[in-house]
Amino acid sequence: MKDTFDVAVVGAGIVGLAHAAAAHARGLRTVVIDRADRISGATVRNFGHIGTTMQVGEGGEYARRARELFLAYAPRAGFWLARRGTLMVATAEDEMQMLREIGEGRLLSEREVTDLAPVSGAIGGALLKDDMQVNPRDMGPRFATWLEGEGVSFRWRESAMIAEDGVLYTSRGTIRADNVVFCVGHDVDHVLPEVAERHGVERCALDMALAGGIGLEFPVLTGSSMLRYSAFRQTAAYADLLARFQRERPDMLDFDVNQMYTEAPGMGLFLGDSHRTEPTAMPFQDEHVFGLLAREARRLFGLSHVDVRERWQGVYAKAPEDFLRERVADGVWVSAVTTGIGMTTGLGLGESVIDEIYGSERT
Ligand SMILES: Cc1cc2nc3c(=O)[nH]c(=O)nc-3n(C[C@H](O)[C@H](O)[C@H](O)COP(=O)(O)OP(=O)(O)OC[C@H]3O[C@@H](n4cnc5c(N)ncnc54)[C@H](O)[C@@H]3O)c2cc1C
């Protein structure tokens, strides 16, 4: 019985934990296996921004449900969750126009923006009050520890290879499970190559940095970050903003920079990030990117110096569709967020996939 479960989840990132939590909430015997000895993938490498307001369509549905689940889990699992919203900073009229068009949150004057954050050059902004923030280095580990305490089994340093006929074959033997859900993020091609190819899954590599804190109390998004998320892409102002960046800031577009900042207690200022999509993420990080990120941070916050303490590469799965969820064989499923919104949507996706497997009637 020791190796027999109702659900085996492969991958202990936010997406795997989301499936495990949803399965466990139904009283299912659940195991999570991960090849690493701790959570070390995209889930600990990100900004910790829960940008609910910025998602529409399928992503919007998962994000709204994820928000409810974050609020329910944070006090129980004991992870930090800030509910202050996102501060969108407009430094040009086309950015302000986009904020008017998305019709979300409260529009802010220049003065109101500078009262909320130490930014310079703002002409206005918006406060998207439903957005939230976690500390990415703390949320996943605390959630996993809590789930384990609640009765979910965790097996670390164990790689999954294939699953068939109710058996998951791993680097340490076999696990029996009625349903196996692969939540391996960008490594879906390592375990299910045909599925990855059919869905066009590649790897998006991002450069990130952590600098000394500046007392930022809100996640701040500005400029090129308004070219990214689905809620922004559907505005009329999007074309004007893109045209200006093509004309004036091709460097930002060349590195596909998402200009955003978060600060978590005891952590400092997360700043990023650039994007490069390829089937294999090469590890070499271009110093020009870090120069650009530091320059933009200095300009936005009126700093003479940005005290960078850490740099790292993050990788997430990227495909034409934002989500990959499929039953690949009897009792074998794959679930992934295939763009950079897994912290925002993962908890909602996980619950939805477990609902699909076991029926939406929850006990
Ligand atoms: C730099 C950066 C910034 C981002 N910022 C944000 C943000 O602010 N907000 C937001 O919503 N999203 C953000 N994202 C996206 C978000 O981090 C990801 O979408 C999300 O973390 C993906 O979670 P995951 O569980 O699928 O992947 P991961 O966290 O990568 O977890 C996958 C796990 O699978 C395990 N694994 C893989 N293969 C196997 C195997 N064969 N056997 C066993 N285990 C295996 C790995 O060890 C890993 O632990 C960002 C991503 C990056 C990289």
Can you give the translational diffusion coefficient of the stretch 66-153 in µm²/s, computed by Stokes-Einstein from the Kirkwood radius over Cα pairs at 10 °C and 1.306 mPa s? 107 µm²/s
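Classify the stretch 35-77 from the C-alpha gyration tensor, please: rounded if a/c falls under 1.5, else prolate or oblate depending on whether a/b exceeds b/c.
Since a/c reaches 1.5 but b/c is at least a/b, the shape of the stretch 35-77 is classed as oblate.
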Other-chain or far-sequence residues with amide H under 5 Å of ARG155's (modelled H): VAL32, ILE33, ASP34
Each residue of the stretch 181-193 in order: what ³J(HN,Hα) in whole Hz does its phi give by Karplus 6.51 cos²θ - 1.76 cosθ + 1.60, θ = phi - 60°, with x for Gly and Pro? 10, 7, 10, 9, x, 6, 8, 4, 5, 6, 10, 9, x
Can you give the alpha-carbon Rg of the stretch 110-179 over 2.2 N^0.38 Å, where N counts its residues? 2.05
Give me the angle, in degrees from 0 to 90, between the Cα long axis of helix 93-102 and the longest principal axis of the Cα atoms of the chain, rounded to the nearest 10. 40 degrees
Here the convex hull volume per residue of the stretch 298-351, taken over Cα atoms and given in Å³, is 139 Å³
At R0 = 41 Å, FRET efficiency that the Cβ-Cβ distance of GLU361 and LEU107 yields, to 0.05: 0.45
Let me see the pair-distance distribution of the stretch 1-67: every alpha carbon pair, 5 Å bin width, integer percents in order. 4, 15, 19, 19, 20, 13, 7, 2, 1
Computed over the chain: longest principal axis from alpha-carbon atoms vs helix 342-358 long axis, angle to nearest 10 degrees, is 30 degrees
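In cubic angstrom, how much convex hull volume per residue do the alpha carbon atoms of the stretch 111-261 span?
For the stretch 111-261, the hull spanned by Cα atoms encloses 207 Å³ per residue.
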Accessible surface of ARG249 - all protein chains present, 1.4 Å probe, nearest 10 Å²: 50 Å²
Per-residue ellipticity at 222 nm attributable to helices in the chain (runs of n ≥ 4 DSSP H, -39500 (n - 2.57) apiece, nearest 500 deg cm²/dmol) works out to -10000 deg cm²/dmol
If you count, for each residue, the other Cβ atoms within 10 Å and average over each peptide, how do 280-287, 332-339, 68-75 line up from highest to lowest? 332-339, 68-75, 280-287
So how long is each side of the chain along the principal axes, counting just the alpha-carbon atoms, biggest first, in Å? 63, 39, 38
Could you give the dipole magnitude of the chain about its Cα centre, charging the beta-carbon of Lys and Arg +1 and that of Asp and Glu -1, in debye to the nearest 20? 820 debye
Three-way shape call for the stretch 205-282 based on the alpha-carbon gyration tensor, with the a/c threshold at 1.5: oblate
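Please state, to two decimals, what the Cα-based radius of gyration of the stretch 225-351 comes to when divided by 2.2 N^0.38 Å (N = residues). Please report the intermediate quantities before stating the final value.
On the way: Rg = 17.3 Å, N = 127, 2.2 N^0.38 = 13.9 Å.
Rounded to two decimals, the normalised Rg is 1.25.
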Amide H neighbours of ILE162 under 5 Å, counting only residues 5+ apart in sequence or on other chains, H built in-plane at 1.01 Å? TYR169
Packing-based ranking, highest mean first, of 40-47, 140-147 given that Cβ atoms within 10 Å are counted: 40-47, 140-147
Using only Cα atoms, find the angle between the long axis of helix 287-301 and the longest principal axis of the chain, and express it within 0 to 90 degrees, rounded to the nearest 10. 60 degrees
Burial-style ranking of 256-263, 92-99, average other-beta-carbon count within 10 Å with highest first, yields 256-263, 92-99
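The values are calculated or read from the model by the stated rules, or taken from the named source; none is laboratory data. The structure displayed is predicted, hence computed values, not measured ones. Every residue, glycine among them, receives a Cβ derived from its backbone with ideal geometry; neighbour counts consider all protein chains shown. For accessibility, only protein heavy atoms count, side chains too; no ligands or nucleic acids. Shrake-Rupley method; radii C 1.70, N 1.55, O 1.52, S 1.80 Å.
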